[in-house]
Each structure stands twice: as C-alpha cells, then as structure tokens.
Amino acid sequence: MRKLTLLFLIFFLTFSFTQAQKPKTPASSEIFESIQKLNFLGSVLYIAAHPDDENTRLISYMSNHVKARTAYLSLTRGDGGQNLIGPEIRELLGVIRTQELLAARRVDGGEQLFTRANDFGYSKHPDETLEIWEKDEVLSDVVLAIREFQPDIIINRFDHRTPGTTHGHHTSSAMLSFEAFDLASDKSAFSEQLETTEIWQPKRLFFNTNSWFYRSQEDFDKADKSNMLSFDIGVYYPLKGLSNNEIASIASSQHLCQGFGRLHQRGSQKEYIEFLKGTPVTDKSDVFSGIDTSWNRIKGGKAIGDILYAVEQHFHFNNPSIHIPELLKAYHLLQNIQNEHWKIQKTKELKAIIEMCAGLYLEASAETPTSTPGSTVRINIEALNRSNQNIVLESITQTDGKILDKHLVLKNNNSEKFENTFHISENSDYTTPYWLEKKGTLGMYTVENKNLIGKPETPRNAVINFNLKINNTPITISKPVIYRYSKPDKGELYRPFEIIPEASAKITEKVIIFDNGHEHNITLVVKAGHHNLKGSAEICHPENWKVYPEKQDVNIANKGEEQILTFTIIPPKNQDEGYISPIIHIGDKTYTKELIEINYEHIPYQTVLLPSESKVVRLDIKKHGENIAYIAGAGDVVPESLEQIGYQVRVINPEDITRETLSRFDAVVVGIRAYNTIDNLKFKQQILFDFVKEGGNMIVQYNTNRGLKTDNLAPYSLSLSRDRVTDENAEVKILDPKHPLLNSPNKITQKDFEGWTQERGLYFPDKWDKAFTPILSMHDKDESDKEGSLLVAQYGKGYYIYTGLSFFREFPEGVSGAYRLFANMLSIGKDHLQPNQKLND
C-alpha cells in the first residue's frame, strides 16, 4: 500500500509540474469524485491578499470532503515579494505567482480569482493600503467576484477588526470582504456590473482563525469558541490514497518562488472558523447547515437529481461509460432550467464528466509553439473514443471562423487523426497577461476590457471546438490549441500555443550606468516572430543624450532567430538620467515591446510582452577597491549592478569560501536572505570574519529574523527584528555626518535618498553591540525612529557592515543615490588603494 501511494504521489507531482497543459485523462476514482461534486450545489469563497495567504488545508477540505465548489480570491498577484528561484521581480514575479496559485488549485481542487489590486510591497496599515489601492475600485472587484461566483459561504483569512497589527494588505482583504458581503446584494452598489451579472447575497461570513491570531496556543486554547466551528482537516481520502492535509501540503508547495516547498502533514488536525455575520449556523458540524445544497435547490432540479444521485450510488468503476445514457438525460433536463448560474456551472461540469466517462481524448496541437497575426499554422487534430458509446465527430469549428465538416464515427479505441489549418487574424491579440497590457498605477492594474476583471489569466484565442453527437445528443467540447513535442531526456512535453508579434526587441542591460563621461556600447537584440523579417531599428533617447548610428537594418532569415545590433550611447557631461527604448520598423508597422519568456518546470510556459526600455544614468561616482566576491542568497541583480559601475565581481559558492580564495578580494558582499537559505554558510563564518580582521570589508544585506541558519550573524552581537520602513519617501536623517562612510569617496546627502522605490528597507536590527555605529535614522508615519538600517563596525583592519536598506530593489531601478552609498560601503577604509588595485598587492 505504501508503494502504491508513493507511485500515486510521483504521478501526481509529475502531472502537476510538467504536464499542466496535457489533456486530462482521469481515472475512474476522479470521475466518481467529479460526480459527487456535481451533486453538491453549494459554494465557498476564500478571501485573502496574496499568493500563499490561502489556507490550502481548508480549501482542500471544502472541495474534496464537503464537495463544495471552492475558490480562492487573492486580491493581488504577489508582485511585491521576493523570488527564491530566479531573477524575476515585480510584474514578472506576479506572473509566476499567478501560475503557482493555479498549480496549487489544480492540486487542492479549488478555483482561482483575482482583483486588480497590485501588491506594491509591505504596508503597515489598511489606511495606507486602501488609499494606494483605490479602495472603491478594489471593493468593486470583490463585489463582482461575489456576484459572479455566488458563494453561499465566505471565509476570510484575516481579521477585519485588527487594523495595524499585521500587513495592511491582509487586514484590508478582510475589511473589503466584510463590506462586500452586504453590497453584493445591493442593486445601487456598482450597478454597472448588473449588465453582465446579478445581485447575490451570501449566507454566511467567517474568519479563519487560529492560535497565530491569539499570540500563543495557550491563549487560543483558553479563548471562547462558542461562536466558532471546527473541522478535522486531517481526514483521509481512500479514493486518492492521501489525507486532506497531505494534499494541502502538496498544494502549498507549488509556491516555490516563495520557498514554500515543505514536508507533508498527516493525521488529525483541527481548523477553526469564527462566525461573523449572516444566517446563524444551526448545526456546528456543518458549515452549510440550513442551506439546501441538493438539486432541489433549483426549480426543475429534482428530476435531474433523481438521475444523478442514482449514477453516484451505482457508479461503475470498471466501466464508467455505461452511465452516459443517464448522464445525457440529465444534460437534456439541465438545459431547460431557468437558473442561469447553476445551469452554466453544472452544464460545464456535466459535459466534462461525459467526456471523462467516454474516455474521450481530444487534442489540437500546432506544428509550432508560436505564430503571428495574419499567419496560418497547421494544426494536428486527434479524436479518440475509448468506449462503446455511439459518438460521431460531426464537425470542427475554429475561432478563426473556419468550419470543417467531418461526420466521422469514432469507433472504440480507434484514434482518428487529421490536419487542418488555422488562420490567425491580423487583429488577433498577442498572448500576454491581460493585466499588464496597459501601464497601471502603484496600487492598481489597468484593465480596459471589463469582462476580464477577476480572471486568473488571459483566455486563449486559438480554440478548436469539437462538435460531437453522443448517442445523437449534440455536445460541443472546446480545446485550446497547444504545442506537443518531445525531448530525448524529457519525453512528451506540452506548452501553450502563443500568438506573438512579428518583431520584438530588448536592450540587454535594463539599467546602464555611466560612471564617467565616456560613451558606452549597448546591445539590442531583435527577435523574429516569422521567417524573412526585414526592416530597421532605432533607439529612442532623451534629448541631451546621443545615439550612434541613428538607424540600422534588420534582416533575419528564420523565425525565432535573433539579430544582435550594437548602438553607441554618448552621455551628457553632467549627472543626468532618462530612458532609452528600441523602435523596430517592419513595413508600415512599429514594434516597441520585449518578448519575455518564463520557463520553470512547475508552471506552464509563459510569454509576457512588456514595454522595452532601459534606464540610463550619468552618475557622478567614485570608488576604491575594485574586486568583489559575491555570495548569492535568495536572488537579486546586485552583482550585475556593481559591474555596471566598474567593479570586478565574482560570484562564489559557500564551499569555495577559503582564506586563500578571499585573499584575492577587497570586499565580500552577501546576498539577500543568504543566512535564511544557505545551510553551509554558518560553517564559513569564521573564515569570513577573519577576512574582515585582515583588512577586507564584508557587507551583509537583509535577512529575515526567522529561520536564520546561524546564531553568529556578525563578529559582534547583532539581533534582527521585524522593523521596516515601507514608505520609500520617508525622511532619512544622517546620524553621524562626519562618518567616513558618508564622506568618502562620495559625499552622501539627502539628495541620494530621492527616487527610491517600494520601500526604504526591511528587517532592521533593533539591538547591536556598542562596536557598531548606526549611520541613518528613518521611520514610517506615526512610528518611532529606526536606526538599524545601516550599521558599521570596524573589526581588526577591516569593516563589517549590516544593512537592511533595499539595494536589491533600488539597483534594478537605477537609483543613483543607492549606487553612490553602496560604493562608499565597499570603499570604506580603502582610501589608500588606487583604482583596480587589490587589497593585498
């Protein structure tokens, strides 16, 4: 049994990670569970702020045990966090986290919804959050989600009554949910939505509480639970060979960019929800008590239920196809009910079950993973019936308007394959996340097509409709066009079919720093979306900057190939900054966007189109000591950024940290969260401290105070806290204006703290040895001064520096003051060194 469960888990994870696009071929147990869910007419909406906020244990329990239709409404896509698996941040990180949420829902059985709110970073209070989010707009989206999903039960992850005690986004999500609970049934509230949806009043609102909200398990054990419901979410599912909390662990482990891969949990486990408002619960063992969740709930539903309950009761696991005649009877009856919400939802579920019972395999695979508007692509069609039911493929219709009559009898287990062409309209939209098509604000995405608001991803616009007759009942099953291929070391693989522009371009460096008046060559990469791409390229630039040559020819023979063009940028004499961007001319069309590809095994392949631009900064900067060792942490672009201003940077692995290796460098920089993520680093601390004692500089960037791999973060005592300054414009006070770090080789002033992005910094120390000198003081509104953002201590001949300032965010944005300050940190104590001179020369 243990071996079978392990094999199931291997298949389960393989399917989840690498076969996300593969047409589904479920086992009989999955079909049976789908019928159980078909026979439950109740729904639950779970609401929180970010990817990873959701309680996968409760979502899985509601979906797999209660059998309710369950969704997670994440108000944001998590753009403001960090990325532990790659370099993507901001918008691209939001794309990854969106797909990780969808991967989690494929595991726990839920659905995924969003609002237009943008994760702008940590917020200390909902007042700030709701101002930046444009409260009415986000509230409108929450109301829309309730009206469209029509939940009976809403469960908030956070407590609306405790503003200021946790992340402002968290509390805001609960506050908005609490308000939307009543507004969703108010015709005068956001009335424009009623053109495409209808009012809805949920029955009950809950808060998913636990000991974390009570400061300790002991306090929670003593708390009055008379207004709470509890569930054992450790229930075991024999049909899956897994317990609910095991499924939840697999689901939450999909959040890999946040480091959420974790051990599975098993056994009995309590989950609590506190009743907030709505219809009181009469039976505390049933969150749906008093709510009719049977087919009797809708007019005309009893006859449908009589059929479908019998199918569930007498389900034939060895031959599910014998139920198709009864399922078709229920399908006919379902088309006549007046309740549009349940008609649409249950028709979708029932069609999927009929498809599964027949063992239907319907696939439309393009000959290429991408194509461009105005082109034609060959599609390989496969249709396979693995049952004895009478199934005829009457025709194929495509979203390009083409109809292909077939009248093809699908005999049992006889695969029918044929080719067809698909014409992509000249006006076809490109495949890209819809919420990134237009520039948004700090707190909100701009979505011009109101029909897309709330959807997890952009609907595919290349679709094949298989028009079938199953036992003479017309049923259409739609499949998006995909791309199926194989690799010798991977086997069969799938990825989405994408529509891309005929030309895209990127400047390889997103921030280009000119630390003197010398010209700089930049690389422009032009990529062809089709064969024989011909045109020209130029660089748009600020008026006081110069670019040579003005234009260059583009001539690319093959689709997917790239042409490398070199332009020379000549900066102004004085400190200045601006943006440059490419313009590609192909015929009478121009292209200005970069095609970004995101390829990780645990999520489907993603293509993202974003405006292609790079920041150019003419910087007045000086530095001492050129050779830097960098120990990578959770992922950032600090090494590349330091190279931009002339440093020689070598990324070294912890196992390569030796006294001999470090002797080649002037300074060692430790990447963000390195002491949270690298176990072996704790064994190298003494070598690093000795490097400092002998005259080197060591700069440690921020770590969280939880999960530190070492107790000796610094050569002197240093204690991290959760102190942070989230206002990127917060006043910065210079505590010691005469300190060398602020004066050599660059004079640091208030001007150097202008233009910072997202935050000042995070996880500042709050206690430190007297050997440390605090350099700066800052604070958020209505808070005390925080002096731990930048601490410097001389240790032997060198200097140890700890900083929670968010250089990892400022460098990619080209914030000149951040570069100047970091150069001083690297240079401290090295005034005697000439440029390019090593410490031990």
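What is the distance, in nm, between label points placed 7 Å from the Cα along the Cα-to-Cβ direction at residue 239 and at residue 326?
For residue 239 paired with residue 326, the spin-label model returns 1.5 nm.
May I ask which residue of 269, 214, 190 lies farthest towards the positive end of the charge dipole of region 186-314, with charges of +1 (Lys, Arg) and -1 (Asp, Glu) on Cβ and the Cα centre as origin?
269
Taking H as built 1.01 Å from N, whose amide H comes closer than 5 Å to the amide H of residue 379, not counting residues under 5 places away?
420, 421, 422
Could you tell me whether region 42-282 comes out rounded, prolate or oblate from its Cα gyration tensor? Rule is a ≥ b ≥ c as square roots of the eigenvalues, rounded for a/c under 1.5, then prolate if a/b exceeds b/c, otherwise oblate. Let's see the in-between values first.
Working: a/c = 1.34, a/b = 1.11, b/c = 1.21.
It comes out rounded by the Cα gyration axes.
For the chain, what's the relative contact order in percent, using C-alpha pairs closer than 8 Å and at least 6 residues apart? Mind dumping the intermediate values first?
On the way: 1884 pairs, mean separation 79.0, N = 841.
Relative contact order here is 9 percent.
When the Karplus curve 6.51 cos²θ - 1.76 cosθ + 1.60 is applied with θ = phi - 60°, which whole-Hz ³J(HN,Hα) does each residue of region 706-721 get, with x for Gly and Pro?
9, x, 5, 7, 9, 8, 10, 5, 9, x, 10, 5, 8, 10, 7, 10
Across bins of 5 angstrom width beginning at 0, how are the C-alpha pair distances of region 627-827 distributed, in whole percent?
1, 8, 17, 22, 23, 18, 9, 3, 0, 0
Which residues' amide hydrogens lie under 5 Å from the amide hydrogen of residue 478, considering only partners 5 or more residues apart or on another chain, with H built in the peptide plane?
Here 466 satisfy the definition.
Once you have the Cα-Cα distance between residue 270 and residue 653, take 0.36 nm times their residue separation minus that, and quote the gain in nm to one decimal.
Numbers: separation 383, 0.36 × 383 = 137.88 nm, distance 4.27 nm.
Result for the pair: 133.6 nm of gain on full extension.
Per 0.36 nm of contour for each residue apart, how much would the distance between residue 489 and residue 162 grow if the chain were fully extended, relative to their Cα-Cα spacing?
Details: separation 327, 0.36 × 327 = 117.72 nm, distance 5.28 nm.
Full extension of this stretch gives 112.4 nm more.
Using only the alpha-carbon atoms of region 503-618 as identical scatterers, what base-10 log of I(q)/I(0) does the Debye formula give at q = 0.09, 0.17, 0.23 Å⁻¹?
Treating every Cα as an identical point scatterer, log10 I(q)/I(0) equals -0.26, -0.82, -1.25.
Can you compute the charge dipole magnitude of the chain about its Cα centre, using +1 on each Lys and Arg Cβ and -1 on each Asp and Glu Cβ, nothing else charged? Give it in debye, rounded to the nearest 20. Let's see the in-between values first.
Working: 95 positive and 110 negative charges, 397 e Å.
It works out to roughly 1900 debye.
For region 322-335, what does the Karplus curve 6.51 cos²θ - 1.76 cosθ + 1.60, with θ = phi - 60°, yield as ³J(HN,Hα) per residue in whole Hz, taken in order and with x for Gly and Pro?
Ordered by residue, 3J(HN,Hα) equals 5, 8, 4, x, 5, 4, 5, 4, 5, 4, 4, 5, 5, 5 Hz.
For n ≥ 4 DSSP H runs only, could you compute -39500 (n - 2.57) per run for the chain, divide by its residues and tell me the 222 nm figure to the nearest 500?
Values: 18 runs with 186 residues, N = 841.
My calculation for the chain gives -6500 deg cm²/dmol from helical runs alone.
Give the percent of DSSP beta bridges with both residues in the chain that are antiparallel, rounded to the nearest 5.
Details: 112 of 154 bridges.
Antiparallel: roughly 75 percent of the beta bridges in the chain.
Taking a ≥ b ≥ c as the square roots of the Cα gyration tensor eigenvalues, with a/c under 1.5 meaning rounded and otherwise prolate when a/b beats b/c, else oblate, which class fits region 117-250?
Note, shape of region 117-250 comes out oblate.
Taking the beta-carbon count within 10 Å as an exposure proxy, list 439, 346 from fewest neighbours to most.
Working: 439 9, 346 24.
Exposure proxy ranking, most exposed first: 439, 346.
Select from 644, 296, 658 the residue farthest towards the positive end of the dipole of the chain; place +1 on Cβ of Lys and Arg, -1 on Cβ of Asp and Glu, and compute about the Cα centre.
After comparing all options, I get 296.
Lysines within cross-link reach of residue 682: Cα-Cα under 26 Å, excluding same-chain residues under 8 positions apart?
693, 709, 767, 770, 797
What per residue convex hull volume, in Å³, do the alpha-carbon atoms of region 182-230 yield? Walk me through the numbers on the way to the answer.
Numbers: hull volume 5.7 nm³, N = 49.
So the per-residue hull volume is 115 Å³.
Would you kindly compute the Cα radius of gyration of the chain and its largest Cα-Cα separation (Dmax), both in Å?
Over the chain's Cα set, Rg and Dmax evaluate to 29.6, 90 Å.
Using Cβ contacts closer than 10 Å as the measure, can you line up 769, 752, 221 from fewest to most?
221, 769, 752
Towards the positive end of the charge dipole of the chain, with charges on Cβ (+1 Lys, Arg; -1 Asp, Glu), say which of 321, 563, 523 has the farthest Cα.
It is 321, whose Cα lies furthest towards the positive end.
Would you list 206, 822 from fewest to most Cβ contacts within 10 Å?
Numbers: 206 24, 822 27.
Lowest count first: 206, 822.
Computed from the coordinates by the stated procedures, all read-outs in this text should not be read as laboratory data. In this text the structure is predicted, and so the values were computed from the model without any measurement. Cβ coordinates were reconstructed from backbone atoms using ideal geometry, including for glycine residues, and neighbour counts include every protein chain displayed.
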